Every structure is written in C-alpha cells, then in structure tokens.
Amino acid sequence: MHSIRRCLALALLTAVPFAAATAADPIKVGVIAEMTGAFADFGQQMTTGARAYIKEHGDTVAGRKIELIVRDVGGPAPDVSKRLAQELVVKDNVDFIAGFGLTPNALAVAPIVTEAKKPTIIMNAATSIITTKSPYLTRVSMTLPQVTAPLGDWAWKNGIRKVYSAVADYGPGYDAEAAFKKSFTAQGGQIVGEVRMPLTNPDYGPFVQRIKDSKPDAVFVFVPAGESAVGFMKAYAERGLAAAGIKLIATGDMTDDGVIDALGANALGVITTHHYSAAHVSPENKAFIAAYAAIDPGHRPNFMAVGGYDAMAMIYSVVRQLNGNLDADKAMALIKGMKIASPRGPIEIETDTRDVTQNVYVREVRRVDGKLYNVEFFTTPNVKDPGKEAVK
Ligand code: PHB
C-alpha cells in the first residue's frame, strides 16, 4: 500500500512539468546569467535590474505571477549556456528566456530557442549578429557598432587624427574595431595600429606599452565592462599614456557605472559613447535608480541593469497585451515595433531585425557632488544597429 501510494505520488510529480500551463501558473522567465567568476557583475546587474522592475510594478500581470528562474552560466561558457537553456525549456517549462551578459553565451542558445519557440530577450550581449541567429531572439541592450560609430565622428571633430585601436579578442571587439575604423577613417582619420587582447585573464601592460611607443593622438578601446575595464585603465595610468598626451576614448563599457568608483581619478576626462549613464536626467531614470537602490542600496546600476529592467518591461507588456494567454509567435509579433520609455531614453525594437534603436550619447567622466559620473553632453538620436547594414 505504502509503495503504491509512493508510486502514485512520483507519477504525479513527474507529470506536473508536462501539464499545460493554466492561468493560475506563474509566467516563468528563465534567466541565464554570469553570476560567479570574473564576470559576476554582469549577472548581478542584470538580475537586480530585472528585480527592480518587478518591485516597482508588482509581481503579477494579467492575473499571472511573474517568476524569475536564475541560472548561473559562470563565465564565457557556450556549452553550459546551451545546457541551461535546454533545462529551462524541458524541465522548467519557461515562457521566456532572458539574460546573457556575454556574446558566446547568447549565440549558443539560438538553435535551442528556435526549436523550442521561446521568446528570448538579450539583456546585454552586444555583437551585432546575435539577433540574426533566431527569429525568437530580440535585444534590449545595444550593439557595439551602434554605440561605437558616433565616437569616430566625435574624435575627428575634436582634432584627433591618429588612433590606435585596442579591443577584446572576440565578437564585440571585432564589431567595435570595424565600426570605429569605418566612421573615423571616413572623416579622414588614420588607424596607426590595432591589437586584439585576450578576453580572459588579460595582462594589459605589454599592449599598452606598445600603444604608447607608437605615439597616437588617442587609443580607442573596447573591453568588457567591469574587471577588464579596471585592468586596462590601471595599465593606461601606470604606463603614463595620459602624461604622454595619448587620450583614451572608448565605448561606455570602459567607464561603466558599476566600476567607475574603482577607476578613480584616472578616469576623469575620459570620453566615451554609450546608451546609458546613471547620470541621465529623466523621470524614468530617477524611478529606475530609486527601484534599484531599494533592492541593492550599496551599488549603482549600470547599462546591464537597464537591460534587465527593460527586458522585464517588454515581458510585462507582452503578458498584458495577451491577457495572460501566452503564445510564442504572438509574443514575437508584439515585440516587433515595441516602444519602451527606458531609463536611458526612448527605445524601439526594429521590426526587421528585432534589435534595439536608441539614442547614443557622448559622455565625459566628471565629478558630480564628489562622485564620478559619465556626464552626457551630446546626443545622436535614434541610432539603428549599423552592423546589420554591413552584413546585408
Ligand atoms: C558581450 O560579450 O557581448 C559584451 C560583454 C560586456 C560588455 C559588452 C558586450 O561590456
């Protein structure tokens, strides 16, 4: 008797994941994120941003509770990312997949989300090509070509003529390198040297020395936000490039709000282009910063936190419009053309590419009320990803 009851209980348990979702079930969002290791900031920022949205807007939409299921991918680990996506689909029966700080982790899940028809929202990973890999992929963050192109123009207009390009040796680095070269040389600028630096455990000293020896007007840099940026800035300061008159210009990954304090005074005056600064002045950003602080009072949100927050805004909008009755193809149709009043400014998801169109700001690191901030001083409005044009 005892064992029969146990068998029944087991059968019921195993049957549950395969039961069709009902209105009473939560909407499950599987988040694949870098929660540990050298890129742990990425996962922290994305998930805290997502939770800030839930806290601010309530955890129930159209009668359905929203549940985040966070899985740690550890670092740049495409195989792990793939396995986690499979598990989220098969075992957890998620309605959406989201997350992805790093490009290789995002690219790895494309075949799975296509096969399983899971709307998948990239919260950060920024190599242009990602959204072309599945009709179920969309992105609320940025692309490297999008945020880099305006910097080439700015550099030329501000008297910079010779630039050394230094990027991380993987997808977003190649995109940044190509986009900077294109916009800067189109104006007449010259690339006097280029280097691709390792993504993991980089020692920037020797690269920075070589840059110094070639005496450019400026070095253009893309390295992933966080520890890499801190490491590059340290080498730039220690090898005396600023003193030698070599300016540092970069995408905003270099001076992101999560680590700007750790960069210290060396960062003052650094010019970057990006889609989000915590110093952005708008009611939406004020609300976002307050919601983030309510969850994680010790830290400042960065662009990855905004990605997490806006991914939830997208999910809430879809669930609301479908009145809680989810359907993957209907969800994707609603995502195409969606507009969100983001903390960074207005964003729109382009229908053809499912990628994000947004303002790109030129910023300078300045001290505001005793703290370092990326102060926006010039806006290029409504920039589409130019990377898509390049591959057409
Ligand atoms: C990426 O891997 O796509 C990536 C990671 C960190 C960044 C930007 C892009 O800061």
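Please give me the summed charge of the neighbours of Arg51: other residues whose Cβ is under 12 Å from its Cβ, Lys and Arg +1, Asp and Glu -1.
Taking every other residue near Arg51 into account, the sum is -3.
Once you order the gyration tensor axes a ≥ b ≥ c over the Cα atoms, which shape class does region 270-337 get: rounded for a/c under 1.5, otherwise prolate or oblate by comparing a/b with b/c?
Prolate shape, in that a/c is at least 1.5 and a/b is the bigger ratio.
Per residue, how much space in cubic angstrom lies within the convex hull of the C-alpha atoms of the chain?
Dividing the Cα hull volume of the chain by its residue count gives 139 Å³.
On a 0 to 90° scale, report how tilted helix 283-295 is relative to the longest principal axis of the chain, with both axes built from alpha carbons and the result rounded to the nearest 10.
Computed tilt is about 70 degrees.
What does the helix-only formula give at 222 nm for the chain: each DSSP H stretch with n ≥ 4 adding -39500 (n - 2.57), the total divided by the residues, and the result rounded to the nearest 500 deg cm²/dmol?
-12500 deg cm²/dmol
Sticking with the crude label model, points 7 Å out along Cα→Cβ, report the distance from Glu115 to Lys182 in nm, one decimal please.
Spacing of the two 7 Å Cα→Cβ label points: 3.3 nm.
At 0.36 nm per residue, and after removing the present C-alpha to C-alpha distance, how many nm does the segment from Ile129 to Gln321 gain when stretched out fully? Walk me through the numbers before you get to the answer.
Details: separation 192, 0.36 × 192 = 69.12 nm, distance 2.88 nm.
Working it through step by step, the gained length comes to 66.2 nm.
For Asn158, what is the net charge nearby, where nearby means another residue's Cβ is under 15 Å from its Cβ and Lys, Arg count +1, Asp, Glu -1? List each step's numbers first, then the result.
Details: positive: Lys157, Arg161, Lys162, Lys247, Arg363; negative: Asp153, Asp217, Glu364.
Summing Lys and Arg as +1 and Asp and Glu as -1 gives +2.
Quick one: check the C-alpha center-to-center distance for region 74-91 versus region 336-392, whole angstrom.
That distance is 29 Å.
Shape verdict for region 128-284, please, from the Cα gyration tensor: rounded (a/c under 1.5), prolate (a/b greater than b/c) or oblate.
Details: a/c = 1.42, a/b = 1.27, b/c = 1.12.
Verdict is rounded for region 128-284.
In whole angstrom, how long is each semi-axis of the equivalent ellipsoid of region 120-205, when you take the square root of 5 times every eigenvalue of its Cα gyration tensor and sort them from largest down?
26, 17, 9
Compute the length gained on full extension between Val281 and Ile295: take 0.36 nm times their separation in residues and subtract their Cα-Cα distance, giving the result in nm to one decimal.
Here the answer is 2.9 nm.
Over region 181-331, how many pairs of lysines fall under 26 Å by alpha carbon, counting only those 8 or more apart in sequence or from different chains?
12
Given labels modelled 7 Å from the Cα in the Cβ direction, how far is it in nm from Ala244 to Lys91?
5.2
Between Asp352, Asp92, Asp153, which gets the highest mean-square fluctuation from a Gaussian network model of the chain, Cα cutoff 10 Å?
It is Asp352.
Per residue of region 165-181, in order, report the coupling 6.51 cos²θ - 1.76 cosθ + 1.60 (Karplus, θ = phi - 60°) as ³J(HN,Hα) in whole Hz, putting x for Gly and Pro.
Rounded to whole hertz, the list is 9, 10, 9, 5, 7, 6, x, x, x, 5, 4, 5, 4, 5, 5, 5, 4.
What lysines sit close enough to Lys65 to cross-link, taking a C-alpha to C-alpha distance under 18 Å and skipping anything fewer than 8 places away on the same chain?
Lys28, Lys55
Could you work out how much longer the chain between Glu348 and Glu194 gets when fully extended? Use 0.36 nm per residue separation minus the Cα distance between them, nm to one decimal.
52.1 nm is the gain from fully extending Glu348 to Glu194.
Values quoted throughout were computed directly from the atomic coordinates according to the rules given, and no laboratory measurement underlies them. Please read these numbers as outputs of a predicted model, since none were measured by experiment. Counting neighbours? That spans all protein chains shown, and the Cβs are built from the backbone with ideal geometry, glycine included.
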